[in-house]
Amino acid sequence: MLNIKDLHVSIEGKKILNGLNLSINKGEVHALMGPNGSGKSTLSYFLSGKDGYEMERGSIDYNGKNLLDLEVDERANEGLFLAFQYPMEIPGVQTSFFLKTAINSKRKHHGLPEIDALEFAKLIKSQAQELDISPDMLRRDLNVNYSGGEKKKQEILQMSLLNPAMSILDETDSGLDIDALRIVSEGVNKLRNKDNSFLVITHYQRLLNYIKPDYVHIIADGKIVKSGDFSLALELEEKGYEEISKTA
Amino acid sequence: MIKDNILNDTSMENLSIHAKEILLEKNPFKNFKIENYRYAQLHKNIESQSDTVKSPLHKDLTKLTTDISHNTFANIDLKPTIDKWGFSNSDSFFRVSSLVHRTSISINLDNFKETSLFLNISNISKNITIQKKDPQLKTLVLLNYNCDDETPKSLIFNVAENANLEVVHYDVSNKKSFLYFEVKQSNYSNFNFASFQSNNTHIRNEFFSSLAEKCNFELSGLNFNNFGVNDNYSFIQHVKPSSSSREVFKSIVNNGAITNFQGKIYVDSIAQKTDGYQMSRSLLLDNISKANNKPELEIYADDVKCSHGSTVSKIDQEQIFYFNSRGISKEVANLLLQKAFIIETLDIIQTKDIKDFSIKLLDNLLT
């Protein structure tokens with residue numbers, strides 16, 4: 001699905017990723033944990049194609065394609081999804097209209113006709129209900145005056161509607177209360193199947209109690225210093241980043 | 001020069017408060033007129049790009065005319081019925097000398113049974129006075145588009161006590177256009193004015209409004225895809241207590257065009273409890289276009305609520321990235337963000353058909 005080899009990335013001359021290797025296969029859930037400034041968010045933004053990052057070395061293979069050949073919207077339409085840590089507020093654009101436009105962009109990319117209005121209404125209603133998102137919120141402007149929890153739920157709603165093959169969740173648990181964390185995690189778990197993959201970026205092991213990862217990686221100074229299974233997350237919680245990084 | 005002409009030609013009696021103020025130089029801001037016209041560049045001839053602009057637009061406007069005049073709305077055709085309304089020969093004051101002593105036509109909207117009326121002002125060179133006395137809301141659609149006549153036009157709205165009037169103005173002019181709107185609102189009246197400006201070469205619109213007691217006045221303007229200079233000036237006078245005015249102007253500037261907005265809220269010393277709001281915002285799409293926004297407040301009362309704001313910005317690339325990351329192309333994202341920026345100005349239109357049409361026209365003309 002996603003194969004990152006020896007990735008070196010810098011921002012304005014400052015090196016952030018320093019020889020990162022990561023391979024994610026179909027149906028797997030990987031967790032990426034690391035201290036502040038270790039390059040977690042840079043990795044997620046770089047994968048989604050954001051401007052301002054310079055790749056010095058390395059390669060990224062996504063489903064047999066060179067990911068770097070694809071524009072941001074092409075990556076999204078090819079099934080790459082980033083759930084933002086801080087989703088943008090878009091005043092003047094109604095949430096449901098945005099969702100419909102996004103769905104239709106993907107359908108167009110795959111040569112499908114636009115989604116039927118009734119079908120869309122049904123789809124959005126059922127998905128929103130599962131995430132405890134009120135119909136009123138869908139009529140409001142996208143992310144404008146949403147609470148932190150509502151914004152994160154909105155990201156997961158977009159994810160479930162677009163049904164991506166490879167999802168990256170960038171600190172989706174930050175700013176969530178316990179109930180919202182449970183709802184969001186259940187939303188993610190429902191989407192899990194043998195054909196899609198997840199990269200869950202988080203500081204805390206708590207999210208991983210809900211979204212059980214197949215692999216846990218620890219990132220420090222722009223590269224993965226240790227990989228393991230779920231027990232690594234538990235070990236990390238106990239010992240802290242510094243000690244784990246040292247033993248790596 | 002303009003002032004001299006007026007002093008020679010016009011007796012003071014017929015002048016509006018604002019005009020007298022200018023003529024008697026009571027205005028505390030001595031450089032008022034220089035500022036007022038500073039960016040309008042009215043003396044310049046700006047080449048019209050008529051060939052590139054005309055074709056898609058004409059189609060839309062012809063359709064507009066057809067939609068509005070034949071299907072739903074009554075068409076005020078001035079020519080055959082002009083006797084019926086009669087001429088009002090009283091001189092209308094206008095600060096541009098060419099309009100002084102011009103004959104006026106007076107139209108009483110209450111004489112029509114229809115609630116929405118359409119008036120094509122493109123080829124009218126008379127001063128038009130619109131009367132509205134009845135409380136029943138009427139919507140007047142004004143159309144100003146390419147015509148060979150480049151003389152300034154003036155429209156004066158007399159909104160009587162308790163009367164309700166809405167005006168939606170479409171301004172799509174390849175030629176130089178100068179429109180002067182003056183609104184006189186009596187007590188307890190409501191007046192909404194939406195001005196839709198696009199594909200213009202060189203236009204200036206002036207909005208003068210005078211509010212009596214407990215009136216509401218809403219003025220909104222949008223302009224986008226213009227060439228040359230697009231200029232809006234507004235002067236809203238609260239001369240009696242307890243009125244509210246709300247003004248929103250938004251412009252999207254590209255093609256190296258210049259958009260100007262200058263707007264003043266004036267609150268007389270007796271106009272206590274005035275509620276005034278003004279917002280002007282411009283979106284620049286390239287590095288060669290310009291936006292000059294100048295909000296002004298002039299307040300002599302001490303118990304009022306007045307606020308104003310002004311912004312000039314570019315499209316937020318972080319927002320574009322957010323759209324992109326959901327599979328929506330840059331082009332579509334750009335259009336959606338432009339629409340999102342400007343559509344608020346159409347909110348004040350109360351007549352659903354006309355609002356829907358305006359949104360459709362916006363969709364068609366945004367590129």
For B:TYR300: the one exception among (1) more than 22 Å from A:PRO87 (Cα to Cα); (2) aromatic (Phe, Trp, Tyr); (3) within 14 Å of another protein chain (Cβ to nearest Cβ): (3)
Would you check if A:PHE120 is surrounded by fewer than 21 Cβ atoms within 10 Å (Cβ to Cβ), within 11 Å of chain B (Cβ to nearest Cβ) and part of a helix (DSSP H, G or I)? no
Can you name the number of the only condition in (1) within 18 Å of the chain's Cα centre (by Cα); (2) more than 25 Å from B:GLN262 (Cα to Cα); (3) among the acidic types (Asp, Glu) that B:ASP347 fails? (2)
Give the residue, chosen from B:LEU337, B:LEU285, B:LEU366, that is surrounded by 15 or more Cβ atoms within 10 Å (Cβ to Cβ), under 23 Å from B:LEU142 (Cβ atoms) and out of contact with any Ser or Thr (no Cβ under 6 Å at 6 or more places or on another chain). B:LEU366
Hits in the range B:345-365 - residues which are among the charged types (D, E, K, R) and either outside any helix (DSSP H, G or I) or within 7 Å of chain A (Cβ to nearest Cβ) (or both): B:ASP347
Quick one: would you say A:LEU142 is within 15 Å of the chain's Cα centre (by Cα) and modelled with pLDDT of 95 or more? no
Assuming A:GLU114 fulfils every condition listed in (1) surrounded by fewer than 18 Cβ atoms within 10 Å (Cβ to Cβ); (2) at pLDDT below 95 apart from one, which condition is it? (2)
Look through the range B:295-305, keep the residues that are at pLDDT below 95 and over 20 Å from the mean Cα position of the chain (by Cα), and return whichever of them is nearest to B:LEU284 (Cα to Cα). B:GLU298
Qualifying positions in the range B:239-270 - in contact (Cβ under 8 Å) with a residue 40 or more places away in the chain and aliphatic (A, V, I, L, M): B:VAL239, B:VAL248, B:ILE252, B:ILE258, B:ILE265
Working carefully through the options A:SER126, A:SER105, A:SER134, find the one that is closer than 29 Å to A:ALA180 by Cβ and in contact with a Gly (Cβ under 6 Å, 6 or more places away or on another chain). A:SER105
From A:ALA165, A:ALA233, A:ALA180, residue being aliphatic (A, V, I, L, M) and in contact with a Leu (Cβ under 6 Å, 6 or more places away or on another chain): A:ALA233
Within the range B:212-224, of all residues that are assigned to a strand (DSSP E or B) and touching a Lys or Arg at 6+ places or on another chain (Cβ under 7 Å), the one nearest to B:LEU179 (Cα to Cα) is B:LEU222
For B:PHE341, work out the one condition from (1) more than 29 Å from A:MET159 (Cα to Cα); (2) in contact (Cβ under 8 Å) with a residue 60 or more places away in the chain it doesn't fulfil. (1)
Considering only the range B:179-189, state which residues are farther than 22 Å from B:PHE357 by Cβ and touching an Asp or Glu at 6+ places or on another chain (Cβ under 8 Å). B:TYR180, B:SER186, B:ASN187, B:TYR188, B:SER189
Could you check the range B:136-201 for strands (runs of 3 or more DSSP E) lying wholly inside it with 2 or more residues that are modelled with pLDDT of 85 or more and over 24 Å from B:GLU344 (Cα atoms)? B:153-159, B:176-185
Against the definition (under 30 Å from A:ASP6 (Cα atoms) and touching a Phe, Trp or Tyr at 6+ places or on another chain (Cβ under 7 Å)), how does A:TYR62 come out, yes or no? no
Positions within the range B:246-305 being of a type in the set (A, V, I, L, M) and assigned to a strand (DSSP E or B), in sequence order: B:VAL248, B:ILE252, B:VAL253, B:ILE258, B:ILE265, B:VAL267, B:MET279, B:LEU283, B:LEU284, B:ALA291, B:LEU297, B:ILE299
Looking at (1) of a type outside the set (A, V, I, L, M, F, W, C); (2) surrounded by 24 or more Cβ atoms within 10 Å (Cβ to Cβ); (3) modelled with pLDDT under 95; (4) within 18 Å of B:LYS153 (Cβ to Cβ), which one does B:ASN226 not meet, given that it meets all the others? (4)
Selected residue (only one of B:ILE320, B:ILE359, B:ILE349, B:ILE328 is crowded, with 17+ Cβ neighbours inside 10 Å and more than 19 Å from A:VAL72 (Cβ to Cβ)): B:ILE349
Considering only residues that are facing another protein chain (nearest Cβ under 10 Å) and hydroxyl-bearing (Ser, Thr, Tyr), look in the range B:306-344 and name the one that is nearest to B:GLN278 (Cα to Cα). B:TYR322
Can you spot a residue in the range B:225-232 that is assigned to a loop (DSSP other than H, G, I, E, B), in contact with a His (Cβ under 6 Å, 6 or more places away or on another chain) and in contact (Cβ under 8 Å) with a residue 12 or more places away in the chain? yes
Can you report the number of residues in the range A:90-106 which are facing another protein chain (nearest Cβ under 8 Å), closer than 17 Å to A:ARG140 by Cα and either touching a residue at least 60 places away in the same chain (Cβ under 8 Å) or of a type in the set (Ser, Thr, Tyr) (or both)? 2
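The values are calculated or read from the model by the stated rules, or taken from the named source; none is laboratory data. Since this is a predicted model, take the numbers as computed values, not measurements. Cβ: placed from backbone, ideal geometry, glycine included. Neighbour counts: every protein chain shown.
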